[in-house]
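Visitor: Please find one structure pasted underneath; my questions will follow.
Since every read-out is calculated from the coordinates, none of them should be taken as a lab result. Keep in mind the model is a prediction, meaning the values are calculated, not measured. Here Cβ is always computed from backbone atoms with ideal geometry, including for glycine, and neighbour counts include all displayed protein chains.
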Amino acid sequence: MTVIKLGSRASKLAVAQTEIVLKALKEQHPDIDFEIVTTTTLGDNVQEKALYAFGGKPVWTAELESLLSNDSVHMIVHSLKDVPTSLPEQFTIGAILNRADPRDALVVRSDLPYKSIAELPDHSVVGTSSIRRSSQLKRKFPNLEFKVVRGNINTRLAKLDDPQEGYTCIILAAAGLLRLDFGPRITQYFSSPDLLYAVGQGAIGVELKKNDTATQALLDKVIDIPVAYTCTAERSLMKKLEGGCSVPLGVESKLSPEGQLTIEACVVSVDGSESASASLTGSIKSYEDAEAFGVKLADVLVSKGAATILDKIVYDKVKQ
């Protein structure tokens, strides 16, 4: 009997997410055996650089895609927010499912009393490796300082709680904290207007070969359609804006039971001094509707100045 293999990064969070997919597949296909194959990626192995310094390289996906290319695995499981919007020609996202809370979360050092980012004293050090997070928060909290923090969730929490590291707090995706049972460490959940979350954040994406119809048939039964439509629209928005380069785009999305999708989106300059924001509502009944929605919202953002901000960010990256 063929064993269907799921590729995953080796981190605890990645494995936990892959186990969610495995469980969903097993429930739908109880007569099939599934197993998880793990590996490390560039993003795991290079911890001293901020993510934006990689210039949009697929830091979390390339090594896993090598396993898919040589048939070591049938599919690979990702945090959807880590998946580039343009994949190698032979691959596709075959399923999007199980979106946990997509918001960002503040975690304050365990020996400090603060209950929100607004309470932090001047010059408090906020740890984040995300330019999206730091640029948005600089707009409202110019009194704070931002410092890169890398590593898996356990590593980042350990760095936070070590006073020698100098962090007052860190910002992480709520979904990762909740999936690893670190919910009690969450001090505050962020939402608009303070901080919009990353495209695809909280959702799980499964990548496979485009021509692998047998594996796609297995995945078709575990897709969460409302989540898939919402994330497809978010990814379409990002793809239209980025033109091959990673961009600090924040979104906040809501899909009603009737299929009405609203996405609020913003692009902010690295120093927080310039921003472009837009919101759009539309009816989503198909993947095609979702793709078109994202493109339309991108056009609205560009009309409000997003292109100028993004061009400056790209120019600064080139100079580096």
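Visitor: Given only helices, namely DSSP H runs of n ≥ 4 each adding -39500 (n - 2.57), what is the per-residue ellipticity at 222 nm of the chain, to the nearest 500 deg cm²/dmol?
Guide: One gets -10500 deg cm²/dmol as the mean residue ellipticity at 222 nm.
Visitor: Here's another thing I want to ask about it. Could you give me the ³J(HN,Hα) list for region 214-219, computed from phi with Karplus coefficients 6.51, -1.76, 1.60 and θ = phi - 60°, whole Hz, x at Gly and Pro?
Guide: Going residue by residue, I get 5, 5, 4, 4, 5, 6 Hz, with x marking Gly and Pro.
Visitor: How tilted is helix 225-242 with respect to the longest principal axis of the chain? Cα atoms for both, answer in degrees (0 to 90, nearest 10).
Guide: Roughly 60 degrees between the two axes.
Visitor: To continue, here is another question. Work out which GluC sites (Glu not before Pro) in the chain are exposed loop sites (DSSP not H, G, I, E or B, at most 15 other Cβ within 10 Å) and give the longest gap free of them.
Guide: On the way: sites that count: Glu48, Glu89, Glu258.
The longest such stretch corresponds to 90-257.
Visitor: May I pose another question? Using a Cα-Cα cut-off of under 20 Å, which lysines could be cross-linked to Lys5, ignoring same-chain neighbours fewer than 8 residues away?
Guide: Answer for Lys5, where 20 Å is the Cα cut-off: Lys23, Lys26, Lys209, Lys210, Lys221, listed by chain and number.
Visitor: Then there's this: Can you tally the net charge around Pro226? Count Lys and Arg as +1, Asp and Glu as -1, for every other residue whose Cβ sits under 12 Å from the Cβ of Pro226. Please list the in-between numbers first.
Guide: Numbers: positive: Arg99, Lys254, Lys285; negative: Asp224, Glu258.
Net of charged neighbours comes to +1.
Visitor: Tell me which aspartates and glutamates have Cα within less than 18 Å of Lys296's Cα, excluding those fewer than 8 residues away on the same chain?
Guide: Within the straight-line limit of under 18 Å, Lys296 reaches these aspartates and glutamates: Glu234, Glu242, Glu252, Glu264, Glu288.
Visitor: Measure nothing fancy, just the Cα-based angle from helix 306-319's long axis to the longest principal axis of the chain, in degrees from 0 to 90, nearest 10.
Guide: Approximately 90 degrees, to the nearest 10.
Visitor: Further question on the same structure: Which angle from 0 to 90°, rounded to the nearest 10, does the C-alpha axis of helix 12-28 make with the longest principal axis of the chain?
Guide: 40
Visitor: Mean 1/r over all different Cα pairs, inverted: what Kirkwood radius does the chain give, in Å?
Guide: Final number for the Kirkwood radius of the chain is 20.2 Å.
Visitor: Also, I was wondering about something else. When the Karplus curve 6.51 cos²θ - 1.76 cosθ + 1.60 is applied with θ = phi - 60°, which whole-Hz ³J(HN,Hα) does each residue of region 85-97 get, with x for Gly and Pro?
Guide: 6, 10, 9, x, 3, 7, 10, 8, 7, x, 7, 10, 7
Visitor: Here's something else I'd like to know. Could you work out the local net charge near Gly94, counting Lys and Arg as +1, Asp and Glu as -1, over the other residues with Cβ closer than 10 Å to its Cβ?
Guide: Local charge sum for Gly94: -1.
Visitor: Using alpha carbons only, how many angstrom separate the centre of region 117-139 from the centre of region 181-210?
Guide: Using only Cα atoms to place each centre, the spacing works out to 17 Å.
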